[in-house]
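To keep things clear, I will list the structure first and then write my remarks on it.
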Amino acid sequence: MGLFFGFIGYFFVAASQGNNASEFPATFKYLFVLHLLTILLMFTLIAVYVIHAYRTDLIENERRVLWVVILFFGNMIAFPIYWYLYLWRPLTKSPSP
C-alpha cells in the first residue's frame, strides 16, 4: 500500500513539473490494472478468511463473530495475524500420539 501511494505521488509530482509527462499515462495504465488485481485478491481473501473463521473449530464460538468483523473491517492488518494464529500455526504443530 505504501509503495502504491509513493508511486502515485511520484508520478503526480513528476507530471505537474513537466518531467516524464508523456510517460505518466502509459505507466498509470499498468498500475491501474495491477491495482484492480490487488482489489480482486483482497475481496477473495476476505471471502476465504470469513468462511474459514465461520466454519473452523479452532476458534471458540464467542470469538467467531469478533474475528469475522475484524477480518472484514481491518483486513490488511488482520489477515497476517489470522493466518498465523489459525492457518499456519495449527499446521506446524506436531500431531499428538
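Observations
- Highest-first arrangement of 28-37, 69-78, 44-53, where packing means the average Cβ count within 10 Å: 44-53, 69-78, 28-37
- Rounded to the nearest 20, the size of the Cβ-charge dipole of the stretch 2-91 about its Cα centre is 80 debye, with Lys and Arg at +1 and Asp and Glu at -1.
Bear in mind that the values in this text are calculations on the coordinates, not laboratory data. Keep in mind the model is a prediction, meaning the values are calculated, not measured. Every residue, glycine as well, gets a Cβ built from its backbone with ideal geometry; the counts of neighbours run over all protein chains shown.
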